[in-house]
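The block underneath contains the structure these notes are about, expressed in C-alpha cells.
The values are calculated or read from the model by the stated rules, or taken from the named source; none is laboratory data. Note that the structure is a prediction, hence the values are computed from the model and not measured. With ideal geometry, Cβ positions are generated from the backbone for all residues, glycine too; neighbour counts draw on all protein chains shown. Just so you know, the surface numbers come from the protein's heavy atoms only, side chains and all, with ligands and any DNA or RNA stripped out. Shrake-Rupley method; radii C 1.70, N 1.55, O 1.52, S 1.80 Å.
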Amino acid sequence: MKKFFKAGGYVAGAILLVALAALTYFNMTYPRVNPAPDIKVQVTPARLARGEYLVNHVVGCADCHSERDWTKYAGPLVPGTEGKGGEKFDRQTAGVPGIVYAKNITPAGMTDRDLGAMYAYLRTLKPIHHKVGKFTPEK
Ligand code: HEC
C-alpha cells in the first residue's frame, strides 16, 4: 500500500511538472506578435472622417469605451464622453466572471504605441482573398 502511494506521488509530481512546463512555455511564447513598427500617419480630413466612422460605427470602440445612457432605448452614447471609458462589465451585463471597466482610450489614457500594436497585429494576419457580399437593403 505504501509503495502504491509512493508511485502515485511520483505520477502526480510528474503531471504537475509537465503542466507547469506547458504553462511556462505558452506564457513565454504567446501571443506571437511582431514588435510594433514605428508608424507615422498623416492626418487628413478624409482620414479623420474614416477613423471616426470606423471607431464609432464599425468596430464599435466607442460603444464600450464611452458612457451610455441606459435610461434610453439601446443606451445611446452620452455626448462628450466618447472614449473616456468606465463602462462596467460584469456577469449580469456581459457574462464575465468578475468586474472589468472599459479603459480610457482618449489621448489622456491610450498611447500611440497601443494603436501601433493593433495595426502591427492586424498586418500579421494571413492575407485571405475572399470576396464578401454587398449590403442588400430589405425590401
Ligand atoms: C465589447 C466592448 C468593447 C469594445 C467593442 C471595445 N473594447 Fe476596448 N476594452 C473593453 C473592456 C471591458 C476593457 C477592459 C479590459 C480589462 O480591464 O481587462 C477594454 C480595454 C481596452 C484597452 C486597454 C488594454 C490594456 O491592456 O490596458 C484598450 C487600449 C482598448 N480597450 C481599446 C479599444 C479599441 C481601440 C476598440 C475598438 C477597435 C475597443 N477597445 C473596443 C471593452 C471593449
Seminar exercise, completed: By my count, helices (runs of 4 or more DSSP H) wholly in segment 1-91 with at least 1 residues that are more than 16 Å from the ligand (Cβ to nearest atom) and open to solvent by less than 100 Å² (accessible area, probe 1.4 Å) are 2-29, 45-53
For this session: Go through GLY109, GLY98 for me and flag whichever is in contact (Cβ under 8 Å) with a residue 24 or more places away in the chain and open to solvent by less than 70 Å² (accessible area, probe 1.4 Å).
Result: GLY109
For this session: Could you tell me whether VAL33 is among the β-branched types (Val, Ile, Thr), farther than 20 Å from ASP112 by Cα and within 20 Å of the chain's Cα centre (by Cα)?
Result: no
Exercise. Within segment 89-110, which residues are in contact with a Lys or Arg (Cβ under 9 Å, 6 or more places away or on another chain) and farther than 17 Å from GLU67 by Cβ?
Worked result: PRO97, GLY98
For this session: Could you please find all residues in segment 120-129 being of a type in the set (A, V, I, L, M), within 16 Å of the ligand (Cβ to nearest atom) and open to solvent by 100 Å² or more (accessible area, probe 1.4 Å)?
Result: LEU122
Exercise. Among the residues of segment 92-124 satisfying the criterion of being assigned to a helix (DSSP H, G or I) and more than 18 Å from LEU54 (Cα to Cα), which is modelled with the highest pLDDT?
Worked result: GLN92
Exercise. Would you say VAL132 is away from the ligand (no atom under 12 Å from the Cβ), over 20 Å from the mean Cα position of the chain (by Cα) and open to solvent by 90 Å² or more (accessible area, probe 1.4 Å)?
Worked result: yes
Exercise. Can you find a residue in segment 112-119 that is open to solvent by less than 90 Å² (accessible area, probe 1.4 Å), within 10 Å of the ligand (Cβ to nearest atom) and closer than 19 Å to VAL41 by Cβ?
Worked result: yes
For this session: May I ask you to list pairs of residues, at least six apart or on different chains, whose Cβ atoms are under 7 Å apart, with the first in segment 112-137 being among the charged types (D, E, K, R) and the second being in a loop (DSSP other than H, G, I, E, B) and open to solvent by less than 100 Å² (accessible area, probe 1.4 Å)?
Result: ARG113/ALA36
